[in-house]
Amino acid sequence: MKPFIHENFLLQTPVAQRLYHEYAENQPIIDYHCHLNPEYVANDHKFENLSRIWLEGDHYKWRAMRTNGIDESFITGRNTSDWEKFEKWASTVPYCMRNPLYHWTHLELKTAFGVDRLLNPESAKEIYDHCSAMLQTPERTARGLMLHYNVEVVCTTDDPVDSLEHHLKTRQDGFKVKMLPTWRPDKAMAVEAPVAYKAYLEKLSEVSGVEIRKFADLIDALKVRHAFFGEAGCRLSDHGIEEFYAEDYTSAEIEGIFDKVCGGSVLTEEETAKFKTAMLVEFAIMDHDAGWTQQFHYGAIRNNNTRMFMQLGPDTGFDSIGDLNVAKKMSRFLDMLASRDKLAKTVIYNLNPRDNELVATMIGNFQDGRYGAGKIQFGSGWWFLDQKDGMEKQMTALSNLGLLSRFVGMLTDSRSFLSYPRHEYFRRTLCNLLGNDIENGLLPASEIDFIGKEYVSRIAYGNARDYFKF
């Protein structure tokens, strides 16, 4: 009997196997959106044990453990050991079948540590000791793992006030892998909390050298930081928004709203929407003028569990899929920019799968051959959708309503240095999708090499390389 993770894992047909092994398997990785800690890369961090690299910050695993009845003390608690936390995760894994965590877990163990055994309570200690020992070698440090997985570029997620010192150090060290910052200015438009917002403006003023007294000053300060990010190699922005904003506004209105929030007053919903519209437009123009690509991740309802948010903070496993109506606002926002000829290259990620066809048709409205193929992109299955079923549905919608061939492919969206096999998982899923179509006569068998070169290898690597121009 073959190990669970074997050379043809997920590849159901001989054609799928050929496409993967000949055209996808050895392609470098461009991870153009992730949440890795830049300091770990700069300092070539060595992880103390398997729990530290695998369980810390992984809210996917935390959600599964809570569902399996594991007490929070063994998930995020400070009074339980790393081994105890891992032991509880190992007891949860057998109950994760048909959840993507089951595939990811064993794919990561196999590709990073050569482990062919299933993780369960009986195998836990041996696997933990084996992997923890390997993590003490130079080949399994933060940088070692990036080289191990043939990573070419990673783009982290960074606030405009960040110093980017770790990106600069990594570049100065001459590290083979490019680690580039991504401009994530969500806090610069988070006017829902006036006190926190005013404190953020003080930080922004300090790092930019611009005294912020009015809205125009805010934009000037952000332009200073935008240019600083560009000098550090940034070519991407990213915006985590619940929905798109596309309200009519005047300059005078925005100045008045800015004065109000800086005075500590809570804004109305209409004022908040107008301000966020103005901010997104200003950000988009900066990106267009700098030749960057902008990304929009929309549709999450965050921090649903107030008690746990107060206890643990954000990004701890209490977010879910939203169901807001977004089509008209998305269209209007993109058109506000296109009508000025200020619409940069754009990647849109939806979190609700019902929006797949919506986004796939929306991007076709704003394609522009002056920017090359696929100016507006339907981003890969994001967050709750980055599993086999979600990726297949995203690619099917894009195939039906656009051009799959011009798709820029996968990203990890992860905080873990063990998440690079998600690129392999995506590539195997892509090859299986196309291979099955060829086997079933839906695509011509005579075009296998063309499909391998112009679809598989380009979606796996070439399209991202040419599109982002890192």
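Selection of first residues in the range 442-470 that are more than 18 Å from VAL408 (Cβ to Cβ) and of second residues that are of a type in the set (S, T, N, Q), restricted to Cβ pairs under 9 Å at least 6 apart or on distinct chains, gives the following pairs, ordered by first then second residue: LEU442/ASN436.
Okay, residues lined up against (1) modelled with pLDDT of 95 or more; (2) closer than 21 Å to THR412 by Cβ:
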residue: GLU25; (1), (2): yes, yes
residue: HIS33; (1), (2): yes, yes
residue: GLY57; (1), (2): no, yes
residue: ARG63; (1), (2): yes, yes
residue: ILE70; (1), (2): yes, no
residue: THR80; (1), (2): yes, no
residue: SER91; (1), (2): yes, no
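Here the range 353-407 is the region considered, the condition is being of a type in the set (A, V, I, L, M) and surrounded by fewer than 17 Cβ atoms within 10 Å (Cβ to Cβ), and the residue that is modelled with the highest pLDDT is LEU403.
Quick check on my filter: what residues within the range 320-352 are without any contact (Cβ under 8 Å) to a residue 24 or more places away in the chain and open to solvent by less than 10 Å² (accessible area, probe 1.4 Å)? Once the filter is applied, which keeps residues that are without any contact (Cβ under 8 Å) to a residue 24 or more places away in the chain and open to solvent by less than 10 Å² (accessible area, probe 1.4 Å), the range 320-352 yields nothing.
Screening the range 64-113 for residues that are small (Gly, Ala, Ser) and not in a helix (DSSP H, G or I) and picking the one that is least open to solvent (accessible area, probe 1.4 Å) gives GLY77. When LYS61 is tested against the conditions (1) surrounded by fewer than 21 Cβ atoms within 10 Å (Cβ to Cβ); (2) among the charged types (D, E, K, R); (3) closer than 26 Å to ARG302 by Cα; (4) out of contact with any Lys or Arg (no Cβ under 8 Å at 6 or more places or on another chain), the lone failure is (1).
Residues of the range 254-271 that are surrounded by fewer than 17 Cβ atoms within 10 Å (Cβ to Cβ), touching an Asp or Glu at 6+ places or on another chain (Cβ under 9 Å) and without any contact (Cβ under 8 Å) to a residue 24 or more places away in the chain: GLY256, GLU270. Once the range 175-209 is narrowed to residues that are within 26 Å of the chain's Cα centre (by Cα), outside any helix (DSSP H, G or I) and more than 24 Å from GLN294 (Cα to Cα), the residue that is modelled with the lowest pLDDT is ALA193. Within the range 70-84, residues that are in contact (Cβ under 8 Å) with a residue 60 or more places away in the chain reach partners that are of a type outside the set (Gly, Ala, Ser) and open to solvent by less than 50 Å² (accessible area, probe 1.4 Å) with beta carbons closer than 8 Å, at six or more positions or on different chains, in the pairs THR76/TRP62; THR76/THR316. State yes or no: is ASP186 surrounded by fewer than 17 Cβ atoms within 10 Å (Cβ to Cβ), closer than 30 Å to VAL261 by Cβ and either free of Cβ contacts under 8 Å to residues at least 12 places away in the same chain or of a type in the set (Asp, Glu) (or both)? So ASP186 passes the test. If you go through the range 160-179 and keep only what is open to solvent by 20 Å² or more (accessible area, probe 1.4 Å) and of a type outside the set (Lys, Arg), you end up with VAL161, ASP162, SER163, GLU165, HIS166, LEU168, GLN172, ASP173, GLY174, PHE175.
Checking each residue in the range 12-58 for being open to solvent by 70 Å² or more (accessible area, probe 1.4 Å), closer than 24 Å to ARG235 by Cα and either part of a loop (DSSP other than H, G, I, E, B) or of a type in the set (Val, Ile, Thr) (or both) picks out only ASN43. Considering the range 220-239, and only residues there that are outside any loop (DSSP other than H, G, I, E, B) and open to solvent by less than 10 Å² (accessible area, probe 1.4 Å), the residue that is farthest from LYS345 (Cα to Cα) turns out to be ALA221. Scanning the range 161-172 for residues that are part of a loop (DSSP other than H, G, I, E, B) and either under 20 Å from GLU271 (Cα atoms) or touching a residue at least 24 places away in the same chain (Cβ under 8 Å) (or both) turns up VAL161, SER163, LEU164. Report whether or not LYS274 is among the basic types (Lys, Arg) and either touching a Lys or Arg at 6+ places or on another chain (Cβ under 6 Å) or in contact (Cβ under 8 Å) with a residue 60 or more places away in the chain (or both). In short, no.
The values are calculated or read from the model by the stated rules, or taken from the named source; none is laboratory data. The model shown is predicted, which means the values in this text are computed figures rather than measured ones. Note: ideal-geometry Cβ built from the backbone for every residue, glycine included; neighbour counts use all protein chains shown. Surface areas here come from the heavy atoms of the whole protein model, side chains and all, with no ligands, DNA or RNA. Shrake-Rupley method; radii C 1.70, N 1.55, O 1.52, S 1.80 Å.
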